[in-house]
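I'd like to ask you about the structure that follows.
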Amino acid sequence: MKKVEGFIEKLTSLPDSEAIWEHMAEYAQGHGYSGCSLVLGKKAPCGIESPRIRSNFTKEFQTAYRKEGLGEIDPFLLFSCHNLTAKKIVTKNLSSFPGAPPKHQDFLEHAAQNGAINSLGIPVRTSENEVFGGWIFSNEDSDDQFQLLHKEYSREMHLASVLAYERMVAIGLGNKFAYSLLSERERECLLWLCAGLRVKSIADKLMISESAVHLYITNAKRKLGAKTREQAVARAIFSGEINL
């Protein structure tokens with residue numbers, strides 16, 4: 001994947017979450033996304049409690065998000081964080097969020113005023129966790145232009161997003177992860193995933209079957225407590241299981 005190795009190399013040396021956010025924002029801009037936001041919320045009986053945002057949107061938007069209830073109608077947090085699937089988001093209507101009531105259009109209109117005409121939303125923690133949310137990358141491209149951007153870079157941005165957030169978690173927890181050791185094959189499969197290869201290509205590289213690759217990746221995810229391949233790669237890197 002384009003620039004991923006350089007991104008990871010710098011990421012592992014950054015001292016705090018602010019520096020990691022800035023690194024992610026710079027990486028996003030290098031791939032055509034002018035807007036970069038990390039949004040997190042805490043589960044509450046009636047929705048979201050204490051929504052937080054770190055963004056390069058205006059200070060007015062960020063203040064409204066935190067203090068004026070805008071985060072409480074953020075459809076990304078409410079409707080996109082039930083799983084870890086990246087998705088394209090349009091702000092002209094609520095079609096990206098099936099089932100969302102009309103009040104959530106107000107949030108999208110605020111976002112559009114900050115240049116988020118089209119966005120890529122990437123959850124990194126699902127709503128089954130106490131704290132959940134993810135990254136949103138946006139720009140003012142037309143639908144067709146953004147679709148091309150999405151096709152070319154969405155997988156790369158997905159991996160970078162998980163890596164960045166897992167690095168934040170690792171710093172916050174003092175790097176006290178206790179993961180089981182991976183086998184040599186499991187490490188190899190994760191390394192090739194990090195390089196952007198798909199299962200068939202990994203199988204060809206290692207001269208094993210595709211089903212064997214799936215099994216190694218599944219085992220690695222289980223040992224690392226990861227739900228997705230991207231999360232497995234991130235945790236393997238920051239726990240020292242694999243070195244790039």
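Report the longest stretch of the chain that contains none of the GluC sites (Glu not before Pro) sitting in a DSSP loop with at most 16 other Cβ atoms within 10 Å.
By the stated rule (loop sites, at most 16 other Cβ atoms within 10 Å), 141-244.
Still on this structure, please answer the following. Length gain on complete extension for the stretch Glu5 to Lys151, per 0.36 nm per residue less the alpha carbon to alpha carbon distance?
Gain in length upon complete extension: 50.5 nm.
Here's another thing I want to ask about it. Could you tell me which of the pairs Lys92/Lys221; Lys43/Lys227; Lys43/Lys88; Lys200/Lys223; Lys10/Lys42; Lys10/Lys200 are separated by over 27 angstrom between their Cα atoms in the structure shown?
Going by Cα-Cα distance, Lys92/Lys221; Lys10/Lys42; Lys10/Lys200 fall outside the 27 Å limit.
With springs only between Cα atoms under 10 Å apart, run a GNM on the chain and tell me which of Pro98, Pro51, Pro75 wobbles the most.
In this elastic network of the chain, the residue with the biggest mean-square fluctuation among Pro98, Pro51, Pro75 is Pro98.
Just check the range 18-163 against the gyration tensor rule for me: Cα atoms, a ≥ b ≥ c as the square roots of the eigenvalues, rounded for a/c under 1.5, and otherwise prolate or oblate depending on whether a/b exceeds b/c.
In terms of gyration-tensor shape, rounded.
Give the long-range amide H neighbours of Ile48: residues separated by 5 or more places, or on another chain, with amide H under 5 Å away, using H modelled in the peptide plane at 1.01 Å from N.
none
I would also like to ask the following. Charges only on Cβ, +1 for Lys and Arg, -1 for Asp and Glu: so what's the dipole of the chain about the Cα centre, in debye to the nearest 20?
The calculation lands at about 660 debye.
Could I ask something else about it? Taking 0.36 nm per residue of separation and subtracting the Cα-Cα distance, what length does fully extending Asp144 through Lys88 add?
This chain segment gains 19.0 nm when fully extended.
Using only alpha carbon positions, build the gyration tensor of the range 184-238, then give the equivalent ellipsoid semi-axes as the square roots of 5 times its eigenvalues, largest first, whole angstrom.
Taking √(5λ) for each eigenvalue gives 17, 11, 9 Å, largest first.
Hey, another quick one. Size of the dipole of the range 184-238 about the Cα centre, Lys and Arg at +1 and Asp and Glu at -1 on the beta carbon, nothing else charged, in debye to 20?
Its charge dipole is roughly 220 debye.
Take Glu128 and Arg66, extend 7 Å from each Cα along the Cα→Cβ direction, and tell me the distance between the two endpoints in nm.
Using points 7 Å along Cα→Cβ, the separation is 3.1 nm.
Could you tell me which of Ser17, Cys46, Phe7 has its Cα farthest along the dipole of the range 1-69 towards the positive end, charges placed at Cβ (Lys, Arg +1; Asp, Glu -1), taken about the Cα centre?
Cys46
From largest to smallest, what semi-axes in whole angstrom does the chain give when each is the square root of 5 times an eigenvalue of its alpha carbon gyration tensor?
31, 19, 17
The numbers here are math on the coordinates, done by the rules we state, and not lab data. What you see is a predicted model, and the numbers here were worked out from it, not measured in a lab. Using ideal geometry, Cβ is built from the backbone for each residue, glycine included, and neighbour counts are taken over all protein chains shown.
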